[in-house]
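J.: After the structure tokens below, expect a handful of questions from me.
The values are calculated or read from the model by the stated rules, or taken from the named source; none is laboratory data. Keep in mind it's a predicted model, so treat the numbers as computed, not measured. Methodologically, a virtual Cβ is constructed for each residue, glycine included, from the backbone with ideal geometry; neighbour enumeration extends over all protein chains shown.
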Amino acid sequence: MKITDISTLVVNARMRNWIFVKVQTDVPGLHGWGEATMEWKTRAVIGCVEDLKPMLIGQDPTRIDFLWQILYRHSYFRLGTIGMTAISGIEQALWDILGKSLSQPVYKLLGGRVRDKVRMYTHLGGGESKSVYESFESSAVIERALFVREQGYTALKVVFVPYSRPLEGIPAVRHFKKLMVDLRAAVGEDTDIMIDFHGRTTTGQAIQYINTIEEVRPLFCEEPVPPENPDALLEVRRSVNVPIATGERLATRWEFRRVCELQACHVLQPDLSHCGGLSEAKRIAAMGEMYFMGVAPHNPNGPVANAVALHFALSTPNFLIQEDMLGDVPWRSEVVETDMRREAGYWLPLETPGLGIEINEKKAAEHPFEQEMFQQSIFLEDGSVAEW
């Protein structure tokens, strides 16, 4: 069996453009799908896939780790998150091919099931960007949270940390606390709440925010500081009594190594469409397991990424909970055909060979690439640039 072509298919899904990667073989009808979705970097990722393709044409697609090494090492210059996103999409498609060729679901090839179902959480507002990233009023937060509960979820994530200067005054901290207290009162203690700080704050300000909501007991606080400085993350972890999570903007085991060695967080959050793919995510999870860290993969992406995340979660012992963004577009199930099932806030195992998905390319073509709005362009009141 040989690889004959690698191509991309872009589907605009409101908040982001999904980037599906198709790897074709010389076996009639046998191909694999992966997902390399990356916000505002669609053209760059597509170009990177094209640059990588010549390395794999004519290769055996079932030699997944061997091909990963070719892509990573023969690129010479380390690829960064954009390049690793391209590799991730290709690598996922190789797993899809392997599973289909053996008539086995991918999770069985990753060591088999270690759990019977996969706990999920979602965001407020589904796929509407402002509802997700700018939820700053209690009434709107509570309304959307109760809707999430009605959909069967037992956990949800909020992104209502203020866009912050290096240090904020008392009003910002009190408003943040009020939002969290009001939300906890509305959903009760049987619903887990995660707070995504989105790297909006500095070390000192993150500590103030987290300490003021300790009594409300979030499941974890995510990315309290930007990802460049794991020592700053460690300072936050040591200064608060709430679990800390990070990792969505890190790629490969080498970028996660320092976080693990410092024990700078409690939960790792690799994105399987950015970190290097399924195999690399498994290696990152195994490294975290040595430090008693859970894994809660980042995934606000499309339906192929959801399928990849399901196989990872089913086969990873220290998996904790899985992010999804199922409410982004109403036609999601028309573009991707799958046997994936959701029940009471959990994904259930599936027996379909490979990843268990197939793209309806005709339907996908009805939603071509569109330039996303640059919703991450945030400025403070004095005109300075804020972290989104």
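J.: Can you run down the residue pairs with Cβ atoms below 6 Å, 6 or more apart or on separate chains, where the first is in the range 44-62 and under 20 Å from LYS2 (Cβ atoms) and the partner is among the basic types (Lys, Arg)?
T.: GLY58/LYS2
J.: Please go through the range 219-242 and pick out each residue that is closer than 21 Å to PRO162 by Cα and crowded, with 19+ Cβ neighbours inside 10 Å.
T.: If the condition is that a residue be closer than 21 Å to PRO162 by Cα and crowded, with 19+ Cβ neighbours inside 10 Å, then LEU219, PHE220, CYS221, GLU222, GLU223, PRO224, VAL225, LEU233, VAL236, ARG237, VAL240, VAL242 are the ones that fit.
Residues are listed down the side, and each one gets a yes or a no for (1) loosely packed, with under 15 Cβ neighbours inside 10 Å; (2) of a type in the set (S, T, N, Q):
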{"residue": "LEU71", "(1), (2)": "no, no"}
{"residue": "TRP95", "(1), (2)": "no, no"}
{"residue": "VAL114", "(1), (2)": "yes, no"}
{"residue": "GLU137", "(1), (2)": "yes, no"}
{"residue": "ALA140", "(1), (2)": "no, no"}
{"residue": "THR154", "(1), (2)": "no, yes"}
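J.: Could I ask something else about it? Of all residues in the range 259-300, how many are closer than 25 Å to VAL49 by Cβ, of a type outside the set (Asp, Glu) and in contact with a helix residue (DSSP H, G or I) (Cβ under 9 Å, 6 or more places away or on another chain)?
T.: 16
J.: A follow-up question, please. Is it fair to say GLU280 is without any contact (Cβ under 8 Å) to a residue 12 or more places away in the chain, under 17 Å from the mean Cα position of the chain (by Cα) and farther than 20 Å from GLY204 by Cα? Write out each step before concluding.
T.: On the way: without any contact (Cβ under 8 Å) to a residue 12 or more places away in the chain: no; under 17 Å from the mean Cα position of the chain (by Cα): yes; farther than 20 Å from GLY204 by Cα: yes.
No: the conditions fail for GLU280.
J.: Continuing with this model, one more query. If GLY29 meets every condition in (1) in contact (Cβ under 8 Å) with a residue 60 or more places away in the chain; (2) among the small types (Gly, Ala, Ser); (3) under 21 Å from GLY354 (Cα atoms); (4) out of contact with any Lys or Arg (no Cβ under 8 Å at 6 or more places or on another chain) apart from one, which number is that one?
T.: So GLY29 meets the others, but not (1).
J.: State all residues of the range 45-69 that are hydrophobic (A, V, I, L, M, F, W, C) and surrounded by 15 or more Cβ atoms within 10 Å (Cβ to Cβ); if no residue qualifies, say none. Break it down into steps so the answer makes sense when it comes.
T.: Of the residues in the range 45-69, the ones hydrophobic (A, V, I, L, M, F, W, C) are 45-46, 48-49, 52, 55-57, 64, 66-68.
VAL45, ILE46, CYS48, VAL49, LEU52, MET55, LEU56, ILE64, LEU67, TRP68, listed by residue number.
J.: Now a separate question. Identify the single condition in (1) outside the structural domain of PRO166 (by TED's automatic domain parsing); (2) crowded, with 17+ Cβ neighbours inside 10 Å that GLY345 does not satisfy, given that it satisfies every other one.
T.: Among (1) outside the structural domain of PRO166 (by TED's automatic domain parsing); (2) crowded, with 17+ Cβ neighbours inside 10 Å, GLY345 violates only (1).
J.: Scan the helices (runs of 4 or more DSSP H) fully inside the range 39-140 and keep the ones with 2 or more residues being at pLDDT 95 or above and not charged (D, E, K, R).
T.: Values: elements: 42-56, 64-73, 80-102, 106-109, 129-133.
The helices (runs of 4 or more DSSP H) meeting that bar are 42-56, 64-73, 80-102, 106-109.
J.: Hey, among GLU215, GLU223, GLU235, which residue is among the acidic types (Asp, Glu) and within 19 Å of the chain's Cα centre (by Cα)? Full working, then the answer.
T.: On the way: GLU215 fails: within 19 Å of the chain's Cα centre (by Cα); GLU235 fails: within 19 Å of the chain's Cα centre (by Cα).
It is GLU223.
J.: Still on this structure: Going through the range 1-32 one residue at a time, which ones are buried (at least 24 other Cβ atoms within 10 Å of the Cβ) and not aliphatic (A, V, I, L, M)?
T.: ASN17, TRP18, PHE20, GLY32
J.: Out of everything in the range 290-337 that is more than 17 Å from the chain's Cα centre (by Cα) and assigned to a helix (DSSP H, G or I), what residue ends up being farthest from CYS265 (Cα to Cα)?
T.: Among residues in the range 290-337 that are more than 17 Å from the chain's Cα centre (by Cα) and assigned to a helix (DSSP H, G or I), the one farthest from CYS265 (Cα to Cα) is GLU334.
J.: Pull out all pairs, ordered by first then second residue, where Cβ-Cβ is under 7 Å, the residues are six or more apart or on different chains, the first lies in the range 301-320 and is in the same structural domain as GLN92 (by TED's automatic domain parsing), and the second is aromatic (Phe, Trp, Tyr).
T.: Here the result reads none, with nothing in the range 301-320 linked to a residue that is aromatic (Phe, Trp, Tyr).
J.: If you don't mind, there's one more thing I want to ask. What are the pairs, 6+ residues apart or on separate chains, where a residue within the range 355-375 that is among the small types (Gly, Ala, Ser) has its Cβ under 7 Å from a residue that is part of a loop (DSSP other than H, G, I, E, B)?
T.: Matching pairs, first to second residue: GLY356/ASP339; GLY356/MET340; GLY356/LEU350.
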